[in-house]
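Peer 1: If you scroll down you'll find the structure; I have some questions about it.
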Ligand code: UDP
């Protein structure tokens, strides 16, 4: 079986690393990797390939820093050429970025099977570029690998059971990654001692709905300044947010650092008191490492976290963020509920694909 993997952004490197690690142990499976170039700098790309020991991409498309249409269009054209040349049995795409929809669409038009890892998630907010990408990718995928019960239910509600595809609840590959790499992270990362961290809050911000709206970004920064008066706030800041925050008038008193690698983020998660984030991945990782999370958005795809009280939605509203912080910081939460499978999503995905394509 030949798998063609399309990745391009930070969360996809982590998700693909899980599947690549399983594939590397199978004699009869060959993986070809395309890196679209959507994320390209050291801290957003190379570090994940190094730390997670992902095989070097076979193709580097170097497509980045363009508008959504231009980026997706160029990816589509170049991925099509690679698919024609490589003739894979299946193209595997991850998550909800422009690389995801470009990979899926290029494959589908060439009648090559598409597998979508992290299928069925919905925020029901069509203003989000991610929501558009994930809905369209789901619709043209042949194998829908869902991470949660809620994501399977979403697909059923949308009538996917009547379509020509196969739906599997395999659990979340991010849990596989967290379990595997957290065994190594304390030896590999020295971020806690380097930054001399005792009690601290971890925060990340990168969603367009926050970064592209100066009022919202300013309001989040104001909340972080308030929290930072009592407990240190550490923010590994995404390059997009760094760029956009140049337009923000409010002075930042909290600690901004460059984006960090996966081992560092795991150590920050293990040692922090609480997480504030608009990231999909960080919401789940907070729970993996038994930390409450305040989501800096008005909705979440990971509804089981809010339903179980592990996560509170606060949007970008200073008052709501501070209230959620008060609620969660000293709350005694029992994280002993299994929501994302058993940490073997990668094996399940490869086994299913193998049984489909070795017939
Ligand atoms: N991450 C990291 N370094 C950082 C911030 C995030 O390694 O400085 C990791 C973290 O594991 C997170 C993943 O990158 O779950 C995906 O990140 P991002 O927030 O960019 O994407 P999303 O999950 O929102 O799609």
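The values are calculated or read from the model by the stated rules, or taken from the named source; none is laboratory data. Quick caveat: nothing in here was measured; it's all calculated off a predicted structure. Neighbour counts run over all protein chains shown; Cβ positions are idealised from the backbone, glycine included.
Peer 1: Run residue 276 past the list (1) surrounded by 19 or more Cβ atoms within 10 Å (Cβ to Cβ); (2) under 19 Å from residue 211 (Cα atoms); (3) touching a helix residue (DSSP H, G or I) at 6+ places or on another chain (Cβ under 6 Å) and report the number of the one that doesn't hold.
Peer 2: Condition (3) is where residue 276 drops out.
Peer 1: OK, next. When you scan the stretch 172-179, do you find a residue that is more than 23 Å from residue 99 (Cβ to Cβ) and away from the ligand (no atom under 16 Å from the Cβ), even just one? It would help to see each step written out before you state the result.
Peer 2: Taking the stretch 172-179 as the starting set, the residues that turn out to be more than 23 Å from residue 99 (Cβ to Cβ) are 179.
When the remaining residues are screened for being away from the ligand (no atom under 16 Å from the Cβ), the result is none.
The answer is no; no qualifying residue exists.
Peer 1: Now a separate question. Listed residues 290, 308; which is touching a residue at least 12 places away in the same chain (Cβ under 8 Å) and on the phi > 0 side of the Ramachandran plot?
Peer 2: Of 290, 308, the one residue that is touching a residue at least 12 places away in the same chain (Cβ under 8 Å) and on the phi > 0 side of the Ramachandran plot is 290.
Peer 1: What's the total number of residues in the stretch 75-105 that are farther than 18 Å from residue 145 by Cβ and more than 22 Å from the chain's Cα centre (by Cα)?
Peer 2: Result for the stretch 75-105: 10.
Peer 1: On the given criteria, is residue 45 away from the ligand (no atom under 12 Å from the Cβ) and either within 18 Å of residue 174 (Cα to Cα) or in contact with a helix residue (DSSP H, G or I) (Cβ under 7 Å, 6 or more places away or on another chain) (or both)?
Peer 2: Answer is no for this residue.
Peer 1: Going by what's in this entry, would residue 166 be described as within 15 Å of the ligand (Cβ to nearest atom), out of contact with any helix residue (DSSP H, G or I) (no Cβ under 7 Å at 6 or more places or on another chain) and within 30 Å of residue 347 (Cβ to Cβ)?
Peer 2: Values: within 15 Å of the ligand (Cβ to nearest atom): no; out of contact with any helix residue (DSSP H, G or I) (no Cβ under 7 Å at 6 or more places or on another chain): yes; within 30 Å of residue 347 (Cβ to Cβ): yes.
So residue 166 does not fit the description; no.
Peer 1: Something else: What number of residues within the stretch 22-38 satisfy the criterion of being within 16 Å of the ligand (Cβ to nearest atom) and farther than 21 Å from residue 76 by Cβ?
Peer 2: So the count comes out to 0.
Peer 1: Quick one: in the stretch 223-258, which of the residues that are farther than 22 Å from residue 40 by Cβ and assigned to a helix (DSSP H, G or I) is modelled with the lowest pLDDT?
Peer 2: Among residues in the stretch 223-258 that are farther than 22 Å from residue 40 by Cβ and assigned to a helix (DSSP H, G or I), the one modelled with the lowest pLDDT is 247.
Peer 1: May I ask you to list pairs of residues, at least six apart or on different chains, whose Cβ atoms are under 7 Å apart, with the first in the stretch 341-357 being touching a residue at least 12 places away in the same chain (Cβ under 8 Å) and at positive phi and the second being assigned to a loop (DSSP other than H, G, I, E, B) and buried (at least 17 other Cβ atoms within 10 Å of the Cβ)?
Peer 2: Listed by first residue and then by second, the contacts come to 341/170; 341/171; 341/172.
Peer 1: Another question, then. Looking at (1) within 14 Å of the ligand (Cβ to nearest atom); (2) free of Cβ contacts under 8 Å to residues at least 40 places away in the same chain, which is the one condition that is false for residue 108?
Peer 2: Single failed check for residue 108: (1).
Peer 1: Of all residues being touching a helix residue (DSSP H, G or I) at 6+ places or on another chain (Cβ under 7 Å) and within 16 Å of the ligand (Cβ to nearest atom) in the stretch 218-233, which is nearest to residue 271 (Cα to Cα)? Just the residue, please.
Peer 2: If we take residues in the stretch 218-233 being touching a helix residue (DSSP H, G or I) at 6+ places or on another chain (Cβ under 7 Å) and within 16 Å of the ligand (Cβ to nearest atom), then 233 is nearest to residue 271 (Cα to Cα).
Peer 1: Here's something else I'd like to know. Note down all Cβ pairs under 6 Å where the first residue falls in the stretch 52-70 and is at negative phi, the second is assigned to a loop (DSSP other than H, G, I, E, B), and they're at least six residues apart or on different chains.
Peer 2: Cβ pairs passing all conditions: 61/36; 61/37; 63/36; 63/37; 64/37; 64/38; 64/40.
Peer 1: Further question on the same structure: Considering only the stretch 1-119, give the helices (runs of 4 or more DSSP H) lying wholly within it that have at least 1 residues that are modelled with pLDDT of 95 or more and touching a strand residue (DSSP E or B) at 6+ places or on another chain (Cβ under 6 Å).
Peer 2: Correct list: 10-23, 68-86, 98-109.
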